[in-house]
Amino acid sequence: MGIIAWILIGLIAGFIAKAIMPGKDPGGVIITILIGIAGGLLGGFLGKVIFGVDSIDGFFELSTWIAAIVGSVILLALYRLVTGNRRHA
């Protein structure tokens, strides 16, 4: 898949992860998109390492989307742990 496809998957996966884990996060939409893109890559990597499957088959494959969303949720949870409840004044 190309970089444009990863950006699109990351954008959507980031928004889905945010819907699964609602709440205020520092950073806003840009951070959500970046977490989604990185989460997609993380999910694909974890799927390959843990389950031995190629979870990044193609844009329209369910396994690609599940991997991206799971990876995004993991990264969003880690991001919240690291940043805590810091609020901007």
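None of the figures in this text is laboratory data; all of them are computed from the coordinates on show. Predicted, not measured: the structure shown is a model, and the values here were computed from it. FYI the Cβ positions are ideal-geometry reconstructions off the backbone, even for glycines, and counts take in every protein chain you see.
Annotations for the structure displayed:
- FRET efficiency, 1/(1 + (r/R0)^6) with R0 25 Å, evaluated for VAL49 and LEU8 via beta carbons: 0.55
- Ranked packing of 35-46, 12-23, most packed first, by mean Cβ within 10 Å: 35-46, 12-23
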